[in-house]
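The structure appears below as structure tokens.
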Amino acid sequence: MRGVIVLIISAAVFGSALGLVVKRQESRVLETRLHKLQLERRVLKQDWAQLLLRQSSLASHSRVEKLARHSIGMITPPSITVVSKK
């Protein structure tokens with residue numbers, strides 16, 4: 001009877017130790033994945049900042065005016081044709 005109890009307790013301790021090893025390995029895998037995702041997030045944030053900067057430079061008034069004048073031939077109308085309403 002005493003041998004059966006020792007065997008059951010030994011199996012429980014062994015099972016607990018095995019479970020601990022498995023959970024630690026899962027934890028390491030998840031930690032590695034987290035670090036990779038955080039790095040990817042940093043890279044994407046940098047890309048987003050660069051895209052916003054590029055968008056603001058492409059949409060600047062001077063660039064749009066230059067493109068309008070050169071690409072499609074827009075001109076400022078003569079002062080006679082300008083009507084302002086206040």
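Worth a mention:
- Of all residues in the range 58-86, those being assigned to a helix (DSSP H, G or I) and modelled with pLDDT of 80 or more number 12.
- Members of the range 47-86 that are loosely packed, with under 10 Cβ neighbours inside 10 Å and among the hydrophobic types (A, V, I, L, M, F, W, C): 59, 72, 75, 80, 82, 83
- Selection of the range 1-49 for residues being hydrophobic (A, V, I, L, M, F, W, C) and more than 43 Å from the chain's Cα centre (by Cα) yields 1, 4, 5, 6, 7, 8, 9, 11, 12, 13.
The values are calculated or read from the model by the stated rules, or taken from the named source; none is laboratory data. None of the values given here were measured: they were computed from a predicted structure. FYI the Cβ positions are ideal-geometry reconstructions off the backbone, even for glycines, and counts take in every protein chain you see.
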